[in-house]
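The values are calculated or read from the model by the stated rules, or taken from the named source; none is laboratory data. It should be emphasised that the depicted structure is a prediction, and the values quoted were computed from it without experimental measurement. Note that we place each Cβ from the backbone using ideal geometry, even for glycine, and neighbour counts take in every protein chain shown. Surface areas here come from the heavy atoms of the whole protein model, side chains and all, with no ligands, DNA or RNA. Shrake-Rupley method; radii C 1.70, N 1.55, O 1.52, S 1.80 Å.
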Amino acid sequence: MSFNIKNNVYWVGKTDWELERFHGYEYSTNRGSTYNSYLIKEEKTALIDTVWGPYSKEFVENLAKETDLGKIDYVIANHAEPDHSGALPELMRKIPDTPVYCTKNGLKSLKGQYHQDWNFNVVKTGDKLSLGDKDLVFVEMPMLHWPDSMLCYLTGDSLLFSNDAFGHHYASELMYSDLVDQAELYAECIKYYANILTPFNPMVTKKINEVLSLNLPLDMICPSHGMIWRDHPEQIVEQYLKWADNYQENQITVIYDTMWNGTRKMAECIAKGIRESDKDVNVKLCHLEKRDKNDVITEIFKSKGIIIGSPTVNRGVLTSVAAILELIKGLKFRKKKAAAFGCYGWSGESAKIISDSLEASGFEMADEVLKVNWNPDNESVEKCIEYGKKFSEKFV
Ligand code: FEO
């Protein structure tokens with residue numbers, strides 16, 4: 001499949017309906033994804049990015065139907081991660097002398113991954129590549145989301161090829177943001193931002209403002225995953241600015257795992273206390289055994305406060321809780337409040353372990369953790385309700 005986007009610009013990527021996991025097992029792609037590659041056939045022909053390695057042959061065969069491969073004058077590697085560079089070896093075997101444009105870090109990464117001495121050309125912000133009447137203008141985008149990332153802008157057509165920025169893992173052959181289900185699109189965009197871009201919030205704000213200050217006319221944003229932003233493309237830019245500003249909604253999320261339902265009962269009582277507080281706040285419960293971890297991260301992203309619980313096992317926490325704490329640590333959430341709880345039979349370290357981890361991850365912690373010995377009795381139930389209420393009223 002390929003299609004015309006505007007004038008001499010074509011989408012030549014791959015829609016991956018089968019993708020279930022991304023970044024190894026780290027990111028769930030419940031709605032599949034796309035690897036967007038773009039072909040510009042002006043006086044000079046340029047290819048922007050490729051697709052993931054397993055689709056190399058299919059990609060190159062389809063590309064050859066769209067253009068004589070020998071007529072490709074420039075290959076642009078906006079980002080070296082294999083979901084975009086994976087088909088380069090297959091392609092470059094057929095056009096070995098064609099120049100490949102990338103950033104300085106892109107060069108390191110492409111060489112490190114493929115061990116090939118292609119005709120590399122390093123570009124930096126402001127560099128231009130003439131395609132005839134139109135130019136491609138490059139802007140380095142370090143840490144959006146890798147050190148090598150960059151975007152390029154096609155003058156004349158006013159198309160921004162933003163690579164991972166503004167992308168989302170969402171397969172649809174409709175291919176334009178205005179044609180797909182808006183709730184599904186939003187859900188995938190916020191999940192993508194929460195799970196991938198949160199640690200880079202300050203860089204996102206700085207880079208977007210830098211690009212906006214150039215006052216470039218903008219017709220469409222063409223990311224490397226998901227739908228092309230055709231209708232009011234600035235909508236996703238404005239959304240990114242909101243998300244990058246330590247985004248939060250009026251929500252408290254109670255997250256837990258449980259062995260024999262004691263910690264689960266505590267979670268429900270804490271949630272009851274939040275509901276009964278005089279704050280009109282939305283409370284959500286996430287049982288880690290039953291919820292997708294990336295969806296839980298998205299709920300944390302939306303929350304102004306989180307409360308995490310685990311029973312004590314082998315003087316530690318359940319592995320599902322350890323895993324979410326590790327994910328949280330890497331994402332560098334800021335300006336959020338947190339508390340910790342857990343029931344125990346013997347030693348009872350879990351709540352303190354969770355609290356220490358969240359504090360080290362940058363959360364402002366409640367004064368006390370909440371521990372219950374054995375299953376909560378009536379007195380403990382009241383303590384849990386009071387704990388939730390106090391967290392909501394006094395702290396969040
Ligand atoms: Fe950072 Fe879509 O790869």
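For region 317-354 versus region 254-283, the spacing of their alpha-carbon centroids is 15 Å. Per-residue ellipticity at 222 nm computed for the chain from its helices equals -10000 deg cm²/dmol, with DSSP H segments shorter than 4 residues left out and the rest contributing -39,500 (n - 2.57). Need one value: the accessible area of residue 343 in square angstrom, 1.4 angstrom probe, rounded to the nearest 10. Looks like 20 Å² after rounding. Which Cα, out of 32, 244, 121, lies furthest along the positive dipole direction of the chain (beta carbon charges, K/R +1, D/E -1)? Toward the positive end, the furthest listed residue is 244. Placing dummy labels 7 Å off each Cα toward the beta-carbon, the span from residue 378 to residue 246 is 4.4 nm.
Counting only DSSP beta bridges with both residues in the chain, the antiparallel share comes to about 45 percent.
If you take the beta carbon distance between residue 212 and residue 4 as r and set R0 to 22 Å, what does 1/(1 + (r/R0)^6) give as a FRET efficiency, to the nearest 0.05? Plugging the Cβ-Cβ distance into 1/(1 + (r/R0)^6) gives 0.20.
Label-to-label distance, residue 359 versus residue 30, with points set 7 angstrom from Cα along the beta-carbon direction: 3.5 nm.
By the Cβ rule of 4.7 Å, the chain holds the following cysteines without a possible disulfide partner: 102, 152, 189, 222, 286, 343. Let me know the shape class of the chain, please: from the alpha-carbon gyration tensor, a ≥ b ≥ c as square roots of the eigenvalues, rounded when a/c is under 1.5, otherwise prolate if a/b is greater than b/c, or oblate. The shape class here is prolate.
I want the local charge near residue 348. Using Cβ-Cβ distances under 10 Å, sum +1 for each Lys or Arg and -1 for each Asp or Glu among the other residues. Charge balance in the 10 Å sphere: +2.
Which of rounded, prolate or oblate describes region 266-357 when judged by the alpha-carbon gyration tensor and an a/c cut-off of 1.5? Judged from the Cα gyration tensor, region 266-357 comes out oblate (a/c at least 1.5, b/c at or above a/b).
Rounded to 0.05, the FRET efficiency of the residue 368 and residue 97 pair, given R0 = 56 Å and the Cβ-Cβ distance, is 0.25. At each listed q (0.18, 0.24, 0.29 Å⁻¹), what is the log10 of I(q)/I(0) that the Debye formula gives for region 200-249 modelled as equal alpha-carbon point scatterers? One equal scatterer on each Cα of region 200-249 leads to -0.63, -1.02, -1.19. Mind pulling the angle between the C-alpha long axis of helix 201-212 and the longest principal axis of the chain? Nearest 10 degrees, somewhere in 0 to 90. Tilt relative to the chain: about 30 degrees.
Computed from the Cβ-Cβ distance with R0 of 30 Å, the FRET efficiency linking residue 335 to residue 280 stands at 0.90. In this structure, the amide hydrogen of residue 119, modeled 1.01 Å from its nitrogen in the peptide plane, lies closer than 5 angstrom to those of 100, counting only residues at least 5 positions away or on a different chain. Packing, as the average of other Cβ atoms within 10 Å across residues, places the peptides 373-381, 321-329 in the order 321-329, 373-381, highest first. Near residue 146: Cβ cut-off under 14 Å, other residues only, Lys/Arg at +1 and Asp/Glu at -1. The net charge is -3.
Would you give the gap between the C-alpha center of region 170-194 and the C-alpha center of region 67-134, rounded to a whole Å? One Cα centre to the other: 28 Å. Projecting label points 7 angstrom from Cα along Cα→Cβ for residue 260 and residue 155 puts them 7.3 nm apart.
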